[in-house]
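The values are calculated or read from the model by the stated rules, or taken from the named source; none is laboratory data. Everything numeric in this text was worked out from a predicted model, so none of it was measured. So basically every Cβ, Gly included, is an ideal-geometry build from the backbone, and we count neighbours across all protein chains shown.
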Amino acid sequence: MPFLHSLKTTLEMIKWEHSIFALPFALCGAMLAARGIPSAHQLIWIVVAMVAARSAAMAFNRLADVSIDGANPRTKMRALPAGLLSSSFVTTFVLVSCGLFILSAWELNRLSFYLSPLALAVLLSYSYSKRFTRWSHLVLGFALGIAPAAAWIAVRGSLDPRILLLTAAVTFWVGGFDVLYACQDYDFDLSAGLHSIPRYCGIKYSLWIARFFHLVMLGFLVAFVWAFSMGVLAIAGVVAVLMLLIYEHSLVGANDLSKLNAAFFTMNGVISVVFFFFIAGDLLLRR
């Protein structure tokens, strides 16, 4: 029972259900590589790899930031600084998640297995980026952005440069909404000496930077659809993303961040799922 309670607390701490952010983009990459629906074996291990990788990265982030979280009034009640979990349990969770990710890569193909340590290095290194660069938001974006390229490799055993357009789109999408999320820690980042765009630019200009990042994302999505010669449904998917992003940004303002959680958690989950269904529909109709 203590083990199950600690596991439940860990899963709540890392918000494992938010794997939905990057998973649909990974599935887009997998379906494009397979020119349809990948095999059941590939789909299962891609999903396992995605959940394991994100779980390892998020738990490691909580370990790396435990002293920072404890000093931040917004995060001091998280499981580790509040003493609800031990560092040794979370460390074990990280190691098991990393092992499961490497196993998943092994089950997919040789190139995936060879690249799995590099992927983990990218995922785990994000946790320290806020200590030395204000562009940590894009580091996080790239950590999630490699998902569609990794899924392509998982299916094909090779890499098509065109899928990197989707990697770039996801990088700026995540970077944009992470800038929004970081606005609520403006005062703490300033006092603690942490690096973020809101700390250096203020909340008002950070909101404009987030909008610019999302505009760049849309440009990469258009290039992605064009590079793969996709059809009307895929174009409609980009338009749907545009509409959802406009709504997301309407929820927050420089003087009102009360709806930030809705903009960050709910809307971004909706965006990734909606985009996936449009791309999947386009691929399946063209078959």
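Just a few scattered comments:
- Criterion (β-branched (Val, Ile, Thr), farther than 30 Å from Leu111 by Cα and in contact (Cβ under 8 Å) with a residue 12 or more places away in the chain) met by exactly one of Val174, Val239, Val232: Val232
- Ala71 meets each of the listed conditions (1) in contact with a Pro (Cβ under 7 Å, 6 or more places away or on another chain); (2) surrounded by fewer than 18 Cβ atoms within 10 Å (Cβ to Cβ) apart from (1).
- Which numbered condition Leu80 misses (of (1) among the aliphatic types (A, V, I, L, M); (2) out of contact with any Phe, Trp or Tyr (no Cβ under 7 Å at 6 or more places or on another chain); (3) in a helix (DSSP H, G or I); (4) closer than 26 Å to His195 by Cβ): (3)
- Screening Tyr186, Tyr181, Tyr200 for residues that are modelled with pLDDT under 95, within 18 Å of the chain's Cα centre (by Cα) and farther than 21 Å from Leu32 by Cα leaves exactly one candidate, Tyr181.
- Every test in (1) crowded, with 21+ Cβ neighbours inside 10 Å; (2) under 21 Å from the mean Cα position of the chain (by Cα); (3) in a loop (DSSP other than H, G, I, E, B) is passed by Ala49 save one, and that test is (3).
Every residue, every condition in (1) closer than 23 Å to Leu164 by Cα; (2) surrounded by 19 or more Cβ atoms within 10 Å (Cβ to Cβ); (3) of a type in the set (Asp, Glu), yes or no:
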{"residue": "Leu11", "(1), (2), (3)": "no, no, no"}
{"residue": "Pro24", "(1), (2), (3)": "yes, yes, no"}
{"residue": "Gly29", "(1), (2), (3)": "yes, yes, no"}
{"residue": "Leu63", "(1), (2), (3)": "no, no, no"}
{"residue": "Phe93", "(1), (2), (3)": "no, yes, no"}
{"residue": "Phe101", "(1), (2), (3)": "yes, yes, no"}
{"residue": "Ser116", "(1), (2), (3)": "yes, yes, no"}
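- Qualifying residue in segment 20-32 (condition: at positive phi and at pLDDT below 90): no
- Criterion (of a type in the set (Ser, Thr, Tyr), part of a helix (DSSP H, G or I), in contact with a Ser or Thr (Cβ under 8 Å, 6 or more places away or on another chain) and at pLDDT 90 or above) met by exactly one of Ser6, Ser55, Ser88: Ser55
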